[in-house]
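Visitor: Starting off with a structure, shown below.
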Amino acid sequence: MAKGDVQLLGAWSSPFTNRVQMALNLKSIDYEFIEVNFYSNKSESLLKANPVHKTIPVLIHDEKPICESLIIIQYIDEAWTKNGQSILPSDPYDRAIARFWAAYIDEKWFPLLKELGKESGDETKAAIMRKIFEGAGLLEEAFVKCSKGKEFFDGDNVGYVDIVLGCFLGWIKVTESMAGLKLFDETRTPGLAGWAERFVSHNAAKDIVPEPHKLIEFYMMVQAAKASTG
Amino acid sequence: MGEELKLFRTWSSRYALRVVHALKIKDLEYETIFEDIKNKSTSLLEYNPIHKKVPVLVHNGKPICESLVILEYIDEIWKQSPLLPQDPYEKAMARFWAKFGDDKVMPSIWSVFISQRKDQEEAIAQAAGNLKFLEEQLTGKKFFGGETIGYLDIAFGWVANLISILEEIADLKLVDAEIFPLLSAWMNNFSDHPVINECWPPRDKMVEKFKAMREPYVEKVA
């Protein structure tokens, strides 16, 4: 398939963009990456591609846009069936479990990390941290059940839940260095600790998950920009 | 093969109603367990320990949670009367709009319901903007699924069932047939379908329930 047929509008710092890049890598799909600076004025091409939410990532395939990262990943899995192994599990029940955990990660767990970044009060921060650790505990259980003793949530291969959670590893490391503790540590969450190391060095993910120091620089720049316009 | 299907639901949950509609469209037999939200059963807490919510579908002892996840599961296991389109792009669109319904449309309608005066005017404008997207999706179609009811129609079931109840209580019209002709027609077509309306919770109980939910937000006249 010609590279021009597939475009990804996104941002290098966005984990939601990163996970789509990982899905495209898993399927060895050639694509054109169009960097969007979503903190400045939304570009015309973005507003045209995603008039409803005006957010990235947006995958454009044969001129048709698909929005929302989880929906994009499932689309990639279903539109390219001959490229490598499938991203979602093949068993319908395992697929339902994978979708459940993806929804949990996006709707319940990751928002806690964002909330932590915004809060300043010590007590509030401590309360959020407790919830984050509780969630990590649930994800550890999920890992043990889904992986069935193998390396990744999907088993021998990197799959849906791996990339849905793994795309956050850069920002997780940023949170860890700012909070001075480990979210996926060897004592409390040994499964996830091992998984995290294996994931960031996997072909699908390395070169995609940004270096924590770059993310910190980016975070500082965004905070400064907000302060100067506020 | 003996399939064991159980659905944990409440009498009013619009999310559980999605699963009921899907099971009825597929003509599947199942056992219903009605939950009291204030006194959840041990079974529900065991089957859905993370969210402790309905609906939960239990198939041969294995639980599936989250209504939209359940719909996809049902569609993948039982191939009769398909709910989702076959084409990957059309499928992606159905999933996108279902999520839009839950993440944006529903909260905006709720804002209209619980707000007053200027806040309500702003909320109405927001909700109308969201409903316009739905109106556009119905261009040239009887149902969101085309000629027959599908995944997106079921996902939007609460629009057909709940909005008129909220309109009645708050004494306003959100889905005006002149402004939203296609959406209004869809609401009638969807509601008229026997598989749909025979499952709906009693309207008077729903009015009572939502009136009570609105109470704390309504300004008391001195």
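The values are calculated or read from the model by the stated rules, or taken from the named source; none is laboratory data. Remember, it's a predicted structure, so these values are computed and weren't measured experimentally. As a convention, Cβ positions derive from the backbone with ideal geometry for all residues, glycine included, and neighbour counts pool all protein chains shown. The area values use the complete protein model at the heavy-atom level, side chains included, leaving out ligands, DNA and RNA. Shrake-Rupley method; radii C 1.70, N 1.55, O 1.52, S 1.80 Å.
Visitor: What list of ³J(HN,Hα) couplings, whole Hz, do you get for segment A:64-74 from phi and the Karplus terms 6.51, -1.76, 1.60, once you set θ to phi - 60° and write x for glycine and proline?
Guide: 9, x, 10, 10, 6, 4, 5, 6, 4, 4, 5
Visitor: Using a 1.4 angstrom probe on protein heavy atoms only, which residues from segment A:91-125 are buried by at least 10 Å² of accessible area when all chains are present rather than their own chain alone?
Guide: The answer is A:P92, A:Y93, A:R95, A:A96, A:R99, A:F100, A:W101, A:A103, A:Y104, A:E107, A:K108 - residues whose exposure falls by at least 10 Å² when every protein chain is included.
Visitor: Using a 1.4 Å probe over the heavy atoms of the protein chains, calculate the carbon and sulfur portion of the accessible area of segment A:14-70 as a whole percent.
Guide: The value for segment A:14-70 is 49 percent carbon and sulfur by accessible area.
Visitor: Highest mean first, how do B:159-165, A:196-202, B:209-215 rank when packing is the count of other Cβ atoms within 10 Å averaged over residues?
Guide: Details: B:159-165: 20.4, A:196-202: 16.1, B:209-215: 13.6.
In decreasing order of mean packing, B:159-165, A:196-202, B:209-215 become B:159-165, A:196-202, B:209-215.
Visitor: Determine the distance separating the Cα centre of segment B:143-191 from the Cα centre of segment A:26-95; give it in Å without decimals.
Guide: 30
Visitor: With the cut-off at 1.5 for a/c, could you classify segment A:119-230 from its C-alpha gyration tensor as rounded, prolate or oblate?
Guide: Because a/c hits 1.5 or more and a/b fails to exceed b/c, segment A:119-230 counts as oblate.
Visitor: Sticking with this one: For segment A:105-173, give the percent of accessible area contributed by carbon and sulfur heavy atoms, probe 1.4 Å, rounded to a whole number.
Guide: Exposed carbon and sulfur together represent 50 percent of the surface.
Visitor: Let me ask you something else. Under Stokes-Einstein, with the Kirkwood radius over Cα pairs standing in for Rh, what whole-number D in µm²/s applies to chain A at 10 °C and 1.306 mPa s?
Guide: For the chosen part, D equals 86 µm²/s.
Visitor: Same structure, new question: Using a 1.4 Å probe over the heavy atoms of the protein chains, calculate the carbon and sulfur portion of the accessible area of chain B as a whole percent.
Guide: 51
Visitor: Next up: Could you sort B:50-60, A:25-35 so that the peptide with the highest average Cβ count within 10 Å comes first and the rest follow in order?
Guide: B:50-60, A:25-35
Visitor: Next question, about the same structure. Give a residue-ordered list of calculated ³J(HN,Hα) values for segment A:101-116 (Karplus: 6.51 cos²θ - 1.76 cosθ + 1.60, θ = phi - 60°; whole Hz; x for Gly, Pro).
Guide: 5, 4, 5, 4, 4, 6, 8, 10, 7, 4, x, 5, 5, 5, 4, 4
Visitor: Using helices alone, what [θ] at 222 nm do you get for chain B, with -39,500 (n - 2.57) per DSSP H run of 4 or more residues, divided over all residues and rounded to the nearest 500?
Guide: That calculation yields -16000 deg cm²/dmol at 222 nm.
Visitor: Mind checking which of A:L47, A:L88, A:L116 has the largest fluctuation in a GNM of chain A, springs on alpha carbons under 10 Å?
Guide: A:L47
Visitor: Could you work out the mean count of beta carbons from other protein chains within 10 Å of each residue's beta carbon in B:63-76? Display every interim value, and only then the final one.
Guide: Details: counts 4, 7, 6, 6, 0, 2, 8, 3, 0, 5, 7, 2, 1, 5.
Mean inter-chain Cβ contacts per residue within 10 Å come to 4.
Visitor: Given the convex hull of the Cα atoms of chain B, what is a quarter of its surface area in nm²?
Guide: Spelled out: convex hull of the Cα atoms, projected over all directions, averaged, 13.7 nm².
Visitor: To the nearest Å, what is the center-to-center distance of segment B:48-122 and segment A:158-223, using C-alpha atoms only?
Guide: For segment B:48-122 versus segment A:158-223, the Cα centre distance is 30 Å.
Visitor: Another question about this same structure. With contacts defined as alpha carbon pairs under 8 Å and 6 or more residues apart, what's the relative contact order of chain A in percent?
Guide: Worked out over chain A, it gives 20 percent.
Visitor: Can I ask one more? Skipping prolines and chain starts, which residues have an amide H placed within reach, meaning under 5 Å, of the one on B:V56, given they are 5 or more residues away or on another chain?
Guide: Residues meeting the amide H criterion: B:F8.
Visitor: For segment B:169-222, take the alpha-carbon Rg, divide it by the Kirkwood Rh, and send me Rg/Rh.
Guide: 1.09
Visitor: For the pair B and A, how large is the buried accessible area, both sides, in square angstrom to the nearest 100, if the probe is 1.4 Å?
Guide: Interface area, both chains combined: 2300 Å², rounded to the nearest 100.
Visitor: Length gain on complete extension for the stretch B:F34 to B:S81, per 0.36 nm per residue less the alpha carbon to alpha carbon distance?
Guide: That pair, B:F34 and B:S81, stretches by 14.3 nm at full extension.
Visitor: Through the Karplus equation 6.51 cos²θ - 1.76 cosθ + 1.60, θ set to phi - 60°, convert the phi angles of segment A:193-201 into ³J(HN,Hα) values in whole Hz; use x for Gly and Pro.
Guide: 4, x, 4, 4, 5, 5, 5, 5, 9
Visitor: Return the percentage of antiparallel bridges among DSSP beta bridges fully within chain B, rounded to the nearest 5 %.
Guide: Rounded to the nearest five, the antiparallel share is 70 percent.
Visitor: For a test of the definition: using alpha carbon positions, the gyration tensor, and the 1.5 limit on a/c, classify segment B:24-110 as rounded, prolate or oblate.
Guide: Numbers: a/c = 2.31, a/b = 1.28, b/c = 1.81.
Judged from the Cα gyration tensor, segment B:24-110 comes out oblate (a/c at least 1.5, b/c at or above a/b).
Visitor: Still on this structure: Classify the protein assembly as shown from the C-alpha gyration tensor, please: rounded if a/c falls under 1.5, else prolate or oblate depending on whether a/b exceeds b/c. Intermediate results must be reported in sequence, preceding the final value.
Guide: On the way: a/c = 1.40, a/b = 1.31, b/c = 1.07.
Because its axes are fairly even, with a/c under 1.5, the protein assembly as shown counts as rounded.
Visitor: Accessible area per residue, 1.4 Å probe, Å², for chain B: what's the number?
Guide: Each residue of chain B exposes 50 Å² on average to a 1.4 Å probe.
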